[in-house]
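Below is one structure, written out as structure tokens; the observations come after it.
Each reported figure results from applying straightforward, stated rules to the coordinates on display, with no laboratory input. Here the structure is a predicted model, which is why all the values come from computation and not from measurement. Backbone-built Cβ (ideal geometry, glycine too); neighbour counts: all protein chains shown.
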Amino acid sequence: MREDDERLRVRLGDRLTEAGCLRTAPWRAAVKAVPRHEFLRGGFFEQVEGASPTAWRPVLPNGDGRWLERCYADESLVTQVAGTVVPGDLRGEIMRTPTSSSTMPSLVVRMLEELQAEDGHRVLEIGTGTGYSTALLCHRLGDGSVVSVEVDREVSGRAATSLSACGYRPNLVVGDGLAGHVDAAPYDRVIATCGVLTVPESWIAQTKPGGIVLATVGGWLYASELARLTVHGDGTASGRFLDGQISFMLARPHLPPPLGLLPDIGSGEERLTALGPDLLTSDWTTRFVAQLAAPRAQHITLSGEGRTHQILIDVQAGAWAVLTEADRGWRVRQGGPIRLWDAVEDHVARWCADGAPGLDRFEITVTPDEGQVIRWLGGRRSRG
Ligand SMILES: C[S@@+](CC[C@H](N)C(=O)[O-])C[C@H]1O[C@@H](n2cnc3c(N)ncnc32)[C@H](O)[C@@H]1O
């Protein structure tokens, strides 16, 4: 087993180097040293092919080699579903949402490289998960330089066991990482391995001037991107998106609220619309732009009586928009205090008029006065 896993680790490091995500010697050394399988001893869930809705079945370490090989494949491995269920709890299949995982190694190392951590830096990680990325940080920077916050006590406990089995002893904290961890601040770097709607001001306040915050910023239309912000001496932060269509499970407090009662789609005001609902389901960047215009909107599809309605609902604002196919094009009916589709249409049209720039041309700023603002360069601002 020992020789096998060493060989698999070296091979993983070589593959990530060839793919261009693993770029520097210290991180290469970390990947070749940290045994990912030790963080997956409890098994993982694999997706059941063809199941709809998505179903998961457990893969446990049973000595047939399949589990070990998969631990060193470049894939994300789900380790908890439905907030509590782990692979060892189950024999059959389960159709629930993943709530913790070991992120795919190419993304883990890409983020670590993008973090630009140097010897002596202190790092705050949000989302300990299995502890694999925490172990890589410990290998690179030393146990005393790493603080990792996990919201789920059980998940954090399992990570602590795996980390200690590998000889790593970082400061593991159980709590809501959106608050950071002020007791050990300030940090040189903050890295989040769960997604956020907005970069919390606590992370900026707890980072030294010149330090970096790296996080995936997304929303409930499920388009997201990795942002790297530099913290300034005046308590603000700004940076750019690093194009790569990166997505993470959202931080638990940022998950969408229950939809509640569906709107009365016979009420409201109706008009024709030039833009169809395709923009909510197709291209990633267009969806990201739409999401900026309606940052708390959720998208659902309702069908019945031979018709399909695409609905945007902002539960908090009590606003909604329903798109229905018309003879030629689409009709939109909108209700509530804001016109969600007017905002989406306007924003997407302006972005197109500015040449539809890619996400690598978007800028993000966070200030105490304005909160988070995202805009494409040469274009207009969006509160996010
Ligand atoms: C994709 S996993 C982390 C992967 C991990 N870094 C690894 O290498 O295994 C995301 C983790 O974020 C945790 N999480 C979600 N919301 C959180 C929050 N508000 N604060 C801290 N952790 C959170 C989840 O419980 C989950 O374990």
Exercise. Near the amide H of residue 246, under 5 Å away, which other amide H atoms are found, from residues 5 or more places off or on another chain, if H is placed in the peptide plane?
Worked result: 226
Problem set entry | For the chain, with +1 on Lys and Arg beta carbons and -1 on Asp and Glu, the positive-most of 92, 44, 316 along the dipole | 44
Exercise. Taking the Cα-to-Cβ direction at residue 301 and at residue 230 and moving 7 Å from each Cα, how far apart do the two end points lie in nm?
Worked result: 4.4 nm
For this session: Could you size up the charge dipole of the chain around its Cα centre, putting +1 on the beta carbon of Lys and Arg and -1 on that of Asp and Glu, and report it in debye to the nearest 20?
Result: 280 debye
Exercise. Rounded to the nearest 0.05, what FRET efficiency do residue 342 and residue 51 have when you use their Cβ-Cβ distance and R0 = 35 Å?
Worked result: 0.35
Seminar exercise, completed: Which of 114, 93, 38 fluctuates most in a GNM of the chain (C-alpha springs under 10 Å)? That residue is 93
Exercise. Taking Cα centroids, how far is the stretch 1-71 from the stretch 226-254 in Å?
Worked result: 27 Å
For this session: Any chance you could run the full-extension gain for residue 369 through residue 28? It's 0.36 nm times the residue separation minus the Cα-Cα distance, nm to one decimal.
Result: 118.7 nm
For this session: Provide the percentage of antiparallel DSSP beta bridges, counting only those with both residues in the chain; round to the nearest 5.
Result: 75 percent
Problem set entry | Under-5 Å amide H pairs with residue 298, H placed in peptide plane, nonlocal only | 313, 314, 315
Exercise. Which residue, 195, 144, 131, has the most motion in a Gaussian network model of the chain that connects Cα atoms within less than 10 Å?
Worked result: 144
Problem set entry | Distance from the stretch 300-335 to the stretch 346-370 (C-alpha centre basis), Å | 26 Å
For this session: Pop a pseudo-label 7 angstrom from the Cα along the beta-carbon direction at both residue 4 and residue 69 and give the gap in nm to one decimal.
Result: 1.1 nm
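Any idea what the dipole of the stretch 1-157 comes to, in debye rounded to 20, about its Cα centre with Lys/Arg Cβ at +1 and Asp/Glu Cβ at -1?
80 debye
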Seminar exercise, completed: Packing-ranked peptide list from 262-272, 132-142, 13-23, highest mean Cβ count within 10 angstrom first, is 132-142, 13-23, 262-272
For this session: Among 139, 177, 226, pick out the residue whose Cα is farthest towards the positive end of the charge dipole of the stretch 127-241, where Lys and Arg carry +1 and Asp and Glu carry -1 on C-beta, about the Cα centre.
Result: 139
For this session: Give, in nm to one decimal, the length gained when the segment between residue 119 and residue 360 is fully stretched (0.36 nm per residue of separation minus the Cα-Cα distance).
Result: 83.9 nm
Exercise. Got a sec? Which residues in the stretch 42-67 would a label at residue 95 touch, if it sits 7 Å along Cα→Cβ and we count backbone N under 12 Å?
Worked result: 51-56
